[in-house]
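Working notes, structure below.
The values are calculated or read from the model by the stated rules, or taken from the named source; none is laboratory data. Predicted, not measured: the structure shown is a model, and the values here were computed from it. Positions of Cβ are generated from backbone atoms using ideal geometry, with glycine treated the same way; all protein chains shown enter the neighbour counts.
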Amino acid sequence: MPSAPTLDSLLHSAVTGVGGSERPGQTAMAQAVEAAVESGEHLLVQAGTGTGKSLAYLVPAVRHAFEVGKPAVVATATLALQAQVIDRDMPRLADALTEQLGRRPRYALVKGRRNYLCKNKLSGGYPDDEEEGLLGIGEVDKAAGRLGQEILRLREWGEETESGDRDELVPGVSERAWRQVSVSAQECLGQRCPMVGECFVELARAAAKDVDVVVTNHSFMAIDSFEGRQMLPEHDLLVIDEAHELVDRVTSTITDEITPGMISAAAKRVGRLGDTATLVDAGDFLGQILEGVAEGRLTGLPDNLALALSRVRDAARDVQSQIKPSSPAENDGARQMARAAVDEVFDNAERVLEDRELDVVWVSSDPRRGQVLRVAPMSVAMLLRDKIFGERSVVMTSATLELGGSFDAIAGQLGLRGEGGPRWNGLDVGSPFDYPSQAIAYVAQHLPAPGRDGTSPAALDEIEALVRAAGGRTLGLFSSTRSAKAAAEEMRRRFGADIPVLCQGDDQTATLVRQFAGDARTCLFGTMSLWQGVDVPGSACQLVIIDRIPFPRPDDPLASARSQAIARMGGNGFMAVSATHAALRLAQGAGRLVRRSDDRGVVAFLDSRMITARYAGFLQRSLPPFWPTSDRALVLQALKRLDETAPPVLPVATPALRGVTGARDDARMAPAPEPAATTPKAPAPEPEPEPEPEPVMLEVAPEPASTAPPVEPDAAHAGWSAEDDEELRDAADMGLTAGELADHLDRPQDEVAGRAAQLGLVLEADPA
């Protein structure tokens, strides 16, 4: 029997097969991944942009899967990276390794249930949404507005699609429409569903059991681990890409809330299935009590609030007993949706009452929904240690894991440090890019320190000068939507039609990114999802502007609870929480600039604290090693020279159709060559263009609710105008998530959701 091919030979075949060249960092990372699997240790790998880290973990993952006969699991934070791995990396890798391995490696994409169309719901197995009745609208009047037309389109698509995956539907539909054809895991009938044999989710998960690599997302992987649902196939190797996002994604996944409106909605779901009078009364009583509770963190439950929650919990328990089916056959779609809604009320009330040691409870004030009671874990470190880093090897990788020059901050958040922690190693394989030669880090030290009154006139003048020098080509990253919108409006006034300025919220983020990437003179201003998830290589982006250091809000209940807990243990809460948060965001934001070996440009920080503050060194060590300066004239001249000599912008790829495994339909097509890595060159005014560049897959990341950037202090209490409401309707119809809408409107997410509910718009955070 021939011996199995070595890792080095497989990596060589893979790199050659995609038209690239071997990179030392990529080789070192692949070898470290294989060593971690063999030793059973965990691995943190910082791999800078351009390393080729996806091949560096996919090749040893495939080799291990062939050896042990079970798949490796790859989890990403963003749908964009999911698409890159499943649409681009794995097809090309599979083609390249087939000859050596004796068969073509298989792979599949697995997501949460809400991402797939439910055939039973589409065929009438569930009741229409009580408030919307969209299915009726679609059937009775084909012209009854955009939503009705979306439902009809979803019906037609449901007859054609092989995967039922929402991401295949291009252009997409609004969240309101999608809710009419999908169900959550709690609402699903499971094996009792009359259409279980045709279920897109079950087909996808069955297919995943027979593959070598399963691709999923952080939230789905975490739920599978925490709740033991075994939705993912058995595996002993887990690779977590975009690992810097894991803590926030997990925290968001296990954050709960309870409101009187939520209780009322659950009672309406029950309808005639049970007596909900006591539950409704308990919800009203909770609302009365919450109105007297001040906004902010609760360090202990007031007696009257504990009493109200107890009534809600007990009433929900009684309704649970009433609507429990006497037999499996009795549990139809309507009953299951009612049970899911009541279960959520019971579970959330019970959790708050349990007063768990690490849970943080707080009240948010919403002008439309009233007071909202929320609960989230202060730390997920021990949960991750117990549930993620268990009987398997875990490889965590990202371009930003070392903060302040050390893995300690991230490792501590992940539960890898401290007594009883698992064995792990940290490795920084660097980047093939010559950052000092390719990019300048400019701090506008002459500007006044940022204040609470938005972007200063001097900072706006600085933005204008920088953008004019760059000839457009600017990604502006701001700490709040209000600042981004104000800067965009002012620049539009100053530039006119000469330099177009897009602003997040003008359209879907993916559409805006495509417009920005396709026109050299266009600029794009925005907030969190642009800081972390935009990949626009080439000459379309030669200037990144960061308006201020992105510290968490001072009144953020989780951040303040974490800081206080660290201070009680004798640590520095500010450095451990606020500075670490800012360092990670700055590293991600600055990383938007250099995406290829021939990219050139400037990252401009309009916050003098990047040089003057006592923590400036920590922040600077977290950034790529760009060439630093505060010489304004030098920077303006460099930007002008880059604009004059810039090559044409790169073409942009389009979304792909998928089959039942989540793989794109054209995955077997001949792959386009990947630009080969080149040896970094000394600074040059004109980058050398690459012949026939490959279309760029643009990454646009959803933004986690728990890591929102600072907001202006008076925004949360502002009223809603008719213009705001119309903007909310339009944005909801475009399919923006609650997080994106909150960011766009510069309001807390719970306030946006509350106003949306009043307007009959159903919004929710990105599904797992």
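For (1) at pLDDT 90 or above; (2) among the charged types (D, E, K, R); (3) within 26 Å of Ser182 (Cα to Cα), each residue gets a yes or a no:
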residue: Leu305; (1), (2), (3): yes, no, no
residue: Arg317; (1), (2), (3): yes, yes, no
residue: Ala329; (1), (2), (3): no, no, yes
residue: Ala340; (1), (2), (3): no, no, yes
residue: Val380; (1), (2), (3): yes, no, no
residue: Glu391; (1), (2), (3): no, yes, no
residue: Glu419; (1), (2), (3): no, yes, no
> If Gly405 satisfies every condition in (1) assigned by TED's automatic domain parsing to the domain that holds Ser39; (2) out of contact with any helix residue (DSSP H, G or I) (no Cβ under 6 Å at 6 or more places or on another chain) but one, which is the exception?
Replying inline: (2)
> Residue check: is Arg562 more than 22 Å from Ala484 (Cβ to Cβ) and either part of a loop (DSSP other than H, G, I, E, B) or not β-branched (Val, Ile, Thr) (or both)?
Replying inline: yes
> Of all residues in region 617-633, which are of a type outside the set (Phe, Trp, Tyr) and in contact with a helix residue (DSSP H, G or I) (Cβ under 6 Å, 6 or more places away or on another chain)?
Replying inline: Leu619, Ser622, Leu623, Pro624, Pro625
> If you go through region 531-543, how many residues are farther than 21 Å from Leu401 by Cβ and hydrophobic (A, V, I, L, M, F, W, C)?
Replying inline: 4
> Which of the residues that make up region 492-513 are without any contact (Cβ under 8 Å) to a residue 60 or more places away in the chain and part of a helix (DSSP H, G or I)?
Replying inline: Arg492, Arg493, Arg494, Phe495, Thr511, Leu512
> Counting just the residues of region 190-208 that are more than 26 Å from the chain's Cα centre (by Cα) and in contact (Cβ under 8 Å) with a residue 12 or more places away in the chain, which one comes out surrounded by the most Cβ atoms within 10 Å (Cβ to Cβ)?
Replying inline: Cys199
>> more than 30 Å from Ala411 (Cβ to Cβ) and of a type in the set (Lys, Arg): which single residue out of Arg568, Arg548, Arg494 fits that description?
In response: Arg494
> For region 161-178, what are the residues that are hydrophobic (A, V, I, L, M, F, W, C), in contact with a Ser or Thr (Cβ under 9 Å, 6 or more places away or on another chain) and either touching a residue at least 24 places away in the same chain (Cβ under 8 Å) or crowded, with 22+ Cβ neighbours inside 10 Å (or both)?
Replying inline: Val170
> Within the set of pairs 6 or more residues apart or between chains, which connect a residue that is basic (Lys, Arg) inside region 55-83 to a residue that is assigned to a helix (DSSP H, G or I) with Cβ atoms less than 7 Å apart?
Replying inline: Arg63/Leu7; Arg63/Leu10
>> Name the residue that is surrounded by the fewest Cβ atoms within 10 Å (Cβ to Cβ), counting only residues in region 348-367 that are of a type outside the set (A, V, I, L, M, F, W, C) and under 27 Å from the mean Cα position of the chain (by Cα).
In response: Asp359
>> So Arg614 ticks every box in (1) over 21 Å from Phe407 (Cβ atoms); (2) surrounded by 20 or more Cβ atoms within 10 Å (Cβ to Cβ) but one. Which box is left unticked?
In response: (2)
> Taking region 621-633 on its own, how many of its residues are part of a helix (DSSP H, G or I) and touching a residue at least 40 places away in the same chain (Cβ under 8 Å)?
Replying inline: 2
> Does Asp607 qualify as being outside any helix (DSSP H, G or I), in the same structural domain as Leu475 (by TED's automatic domain parsing) and either surrounded by 21 or more Cβ atoms within 10 Å (Cβ to Cβ) or in contact with a His (Cβ under 9 Å, 6 or more places away or on another chain) (or both)?
Replying inline: yes
>> Would you confirm whether or not region 225-241 contains a residue that is under 21 Å from Asp347 (Cα atoms), buried (at least 18 other Cβ atoms within 10 Å of the Cβ), of a type in the set (A, V, I, L, M) and touching a strand residue (DSSP E or B) at 6+ places or on another chain (Cβ under 9 Å)?
In response: no
>> Anything in region 54-75 that is of a type outside the set (A, V, I, L, M, F, W, C) and within 16 Å of Arg103 (Cβ to Cβ)? List them, or say none.
In response: Arg63, His64, Glu67, Gly69, Lys70, Pro71
> Considering only helices (runs of 4 or more DSSP H) fully contained in region 228-306, which possess at least 1 residues that are among the aromatic types (Phe, Trp, Tyr) and in the same structural domain as Glu38 (by TED's automatic domain parsing)?
Replying inline: none
> Taking the condition under 24 Å from Ala756 (Cβ atoms) and buried (at least 19 other Cβ atoms within 10 Å of the Cβ), does Ser252 pass?
Replying inline: yes
>> I need a count of the residues in region 436-474 that are farther than 18 Å from Arg641 by Cα and touching a Pro at 6+ places or on another chain (Cβ under 7 Å).
In response: 3
>> Between Ala677, Ala663, which is out of contact with any helix residue (DSSP H, G or I) (no Cβ under 7 Å at 6 or more places or on another chain), modelled with pLDDT under 95, more than 17 Å from Cys541 (Cα to Cα) and buried (at least 19 other Cβ atoms within 10 Å of the Cβ)?
In response: Ala677
> Restricting the first residue to region 261-287 and requiring it to be within 12 Å of Arg313 (Cα to Cα), which pairs with a second residue that is of a type outside the set (Ser, Thr, Tyr) and not in a helix (DSSP H, G or I) meet a Cβ separation below 9 Å and a spacing of at least six or different chains?
Replying inline: Leu286/Ile258; Leu286/Leu373
> Counting just the residues of region 410-464 that are among the aliphatic types (A, V, I, L, M) and part of a loop (DSSP other than H, G, I, E, B), which one comes out surrounded by the most Cβ atoms within 10 Å (Cβ to Cβ)?
Replying inline: Leu414
>> Pairs please, first residue from region 26-48 and closer than 15 Å to Asp428 by Cα, second anywhere and among the basic types (Lys, Arg), Cβ atoms under 8 Å, 6+ apart in sequence or on different chains.
In response: Gln26/Lys53; Met29/Lys53; His42/Arg423; Val45/Lys53; Ala47/Lys53
>> Condition check: surrounded by 22 or more Cβ atoms within 10 Å (Cβ to Cβ), over 25 Å from Pro550 (Cα atoms) and either of a type in the set (Ser, Thr, Tyr) or at pLDDT 95 or above (or both). Does Val372 satisfy that?
In response: no
> Hey, Thr629 hits all of (1) surrounded by 16 or more Cβ atoms within 10 Å (Cβ to Cβ); (2) more than 30 Å from Gly172 (Cα to Cα) but one; which does it fall short on?
Replying inline: (1)
>> Only one of Arg614, Arg641, Arg596 is closer than 30 Å to Pro537 by Cα and not in a helix (DSSP H, G or I). Can you tell me which?
In response: Arg596
> In region 52-92, what count of residues is obtained for those that are over 23 Å from Met528 (Cβ atoms), hydroxyl-bearing (Ser, Thr, Tyr) and modelled with pLDDT under 90?
Replying inline: 0
> Does Thr455 satisfy being touching a strand residue (DSSP E or B) at 6+ places or on another chain (Cβ under 7 Å) and in contact (Cβ under 8 Å) with a residue 24 or more places away in the chain?
Replying inline: no
